[in-house]
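The values are calculated or read from the model by the stated rules, or taken from the named source; none is laboratory data. From a predicted model like this one, the values you see are computed outputs, not experimental measurements. Using ideal geometry, Cβ is built from the backbone for each residue, glycine included, and neighbour counts are taken over all protein chains shown.
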Amino acid sequence: MNKILTGYTLQRVVHESLLTRVYAGIKHPDQQPVIVKVLKAEFPSLEEITRLRHEFEILQSLETPGVIQPIALESYQNGLALVLEDFGGIPLQQLIQQGSLQLDPFLDIAIQLASTVAVLHQTQVIHKDLNPHNILINPQSGEVKIIDFSIASHLSHENQAVANPNLLEGTLAYLSPEQTGRMNRTIDFRTDFYSLGVTFYEMLTGRLPYQASDPLELIHCHIAKTPEAPHQLDPAIPLVLSKLVMKLLAKTAEDRYQSALGLKADLVKCRQLLGQSKADSETGVLPIADFELGEVDCFSQFLIPQRLYGREVEVAALLKSFERVSTGTTEFVLVSGYSGIGKTSLVNEIHKPISRQRGHFISGKFDQLKRNIPYAALAQAFQDLMRQLLTESDEKIEAWRENLLRALGVNGQVIIDVIPEVERILGVQPAIAQLGIAESQNRFNRVFHRFLRVFSQPKHPLVIFLDDLQWADLPSLKLIEQLVTSPDSEYLLILGAYRDNEVNETHPLTHTLKQIDQAGVSTHRIILQPLEIVHVNQLIADTLHTDRKNTTAISDLLYKKTRGNPFFLAQLLKSLHQDNLLWFDFEQGAWQWDMAVLQGIQITENVIELMVN
């Protein structure tokens, strides 16, 4: 590649990734040392160019010593070059490779990182890819700076869909459980604390908390396994520091630190106690006295907990269905309830066991305006699966191709006509004979069943989630009926969600369910009811970080307004916070509200009206 960039001399490559190349260079005419990040592709995609521009804009908005400073965004061949300051830093990873860090340098680096992350979060920036490769340290001055904001977000929270590990944003070994898309949790600023926890673990022990090499196994470790505590690996690591790291590595964000300043306060206290201690002459251990972590952690951010309340029985039933499917059965589970009752949230709880069994989870949603398009939701689900498969190695893609060709024979085009992405794996297929509508539909159902069996196997059970079944087209319902009732179906779980207030006795879905029942196949039904007052009270108490007895009055009021609908309750709480009717008192370190004011205001009982307002 031509290394000419007008106004700069690019001297040497310092780092190379799949999409970018990073040079050390000189800016003319003042001979200023710079780092230059360019796109490797001769003709970069719009997404690659946008991501580099996004990184420059975020860096411009961050005026803090702990973040690498941008100098310019220059045109470079057919793309862009991001020019950054060069402060003489080396990746933290280089230090770790020389062995685990001593306590003094560890605490110096950790405190600087906590300070910088606090500034990021105060400016509503989530980094999402903190790891020792993206942290630079000047060996002489000890100055630490964070780099690579290419996937950083300005959103307060965002959703991560289930995807092939190769499609996940971030560095897999440092990824928080919620960033895997398999935790039924949105991503917020606390994802950075988990990544810091992995980084701190590696700094102290010289190794990662999880040694898995297989991507799916590593994802399962992040969401379900607890690593050995640092002090168990090295007794020289003080217990309180080990606890601090494990707190950062908590699976659920609510159990981690809630602010970077709270984390920094505990790290500073560790350094103060370390300074007061003396080396134990027999063991060489530097003791840091144990203390309660998180005492000054600030809960001032308004965050509604993402755990499910009052759904323990329903979650258990769903997980048992998947366990049975993993042994070779096929099951059809229906989740019903009003809008906002939490049907999708319940279904997404199944991601954890699916990861453990290396299963596939795919989903499609029926659309009220597309009921004239047969199989639209199923096609949507399998389009996503094809995209996931295409990110795998050439050897694995070839294995999928062989399995599919063996199953489909000369009928591959039958599937491609409905799911065009299949052609990218199968290649061009022979034309098929034209049939009448009924014959064509029967042929598709027969071939689709063979197609589906390629993916529902003992090594990888298949879960298909079809949402809004109340809007399903007739061919899709007929195909679901055949899949569920066929004795050849194995290792298959079909989950359907629908609004029961929109399905009456004459609805096509009701007819399909009767046909399935008559075939002797039991359909498992989970009917979600509104939350009980005790669960509403628990949710509000957890949101406001107080005892349940303190939130009894406000819980009664909001329960009456929302009738226990979880979605409406969450929107109403957000509305009250936005209107400053719920506020954090920093002097008292607690959330406050005035019941007399709340009882006097007009709170709508219509969720649509509330959201429009």
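At-a-glance table
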{"read-out": "Which listed residue, of Glu228, Glu178, is modelled with pLDDT of 95 or more and of a type in the set (D, E, K, R)", "value": "Glu228"}
{"read-out": "Hits in the stretch 280-295 - residues which are surrounded by 13 or more Cβ atoms within 10 Å (Cβ to Cβ) and either modelled with pLDDT of 80 or more or among the aromatic types (Phe, Trp, Tyr) (or both)", "value": "Ile288, Ala289, Leu293, Gly294"}
{"read-out": "Looking only at the stretch 468-486, and only at residues there that are hydrophobic (A, V, I, L, M, F, W, C) and not in a loop (DSSP other than H, G, I, E, B), the one that is surrounded by the fewest Cβ atoms within 10 Å (Cβ to Cβ)", "value": "Leu474"}
{"read-out": "Breaking point among (1) assigned to a helix (DSSP H, G or I); (2) crowded, with 19+ Cβ neighbours inside 10 Å; (3) at pLDDT below 90, for Leu120", "value": "(3)"}
{"read-out": "Complete set of residues in the stretch 487-502 that are surrounded by fewer than 22 Cβ atoms within 10 Å (Cβ to Cβ), in contact (Cβ under 8 Å) with a residue 40 or more places away in the chain and over 22 Å from Arg358 (Cα atoms)", "value": "Arg499, Asp500, Asn501"}
{"read-out": "Only listed residue being farther than 30 Å from Pro461 by Cα and not hydrophobic (A, V, I, L, M, F, W, C), chosen from His577, His511, His524", "value": "His577"}
{"read-out": "Cβ-Cβ under 8 Å pairs, at least 6 apart or on other chains, the stretch 43-71 side within 16 Å of Ile151 (Cβ to Cβ) and not assigned by TED's automatic domain parsing to the domain that holds Pro33, far side among the small types (Gly, Ala, Ser) and surrounded by fewer than 13 Cβ atoms within 10 Å (Cβ to Cβ)", "value": "none"}
{"read-out": "Number of positions in the stretch 6-48 that are surrounded by fewer than 18 Cβ atoms within 10 Å (Cβ to Cβ) and among the hydroxyl-bearing types (Ser, Thr, Tyr)", "value": "4"}
{"read-out": "Selection count, the stretch 61-73, where residues are surrounded by 16 or more Cβ atoms within 10 Å (Cβ to Cβ) and of a type outside the set (Val, Ile, Thr)", "value": "4"}
{"read-out": "Residue identified as out of contact with any His (no Cβ under 6 Å at 6 or more places or on another chain) and modelled with pLDDT under 90 among Gln470, Gln441, Gln515, Gln482", "value": "Gln441"}
{"read-out": "Filter pass, Glu481 being free of Cβ contacts under 8 Å to residues at least 40 places away in the same chain and assigned by TED's automatic domain parsing to the domain that holds Val418", "value": "yes"}
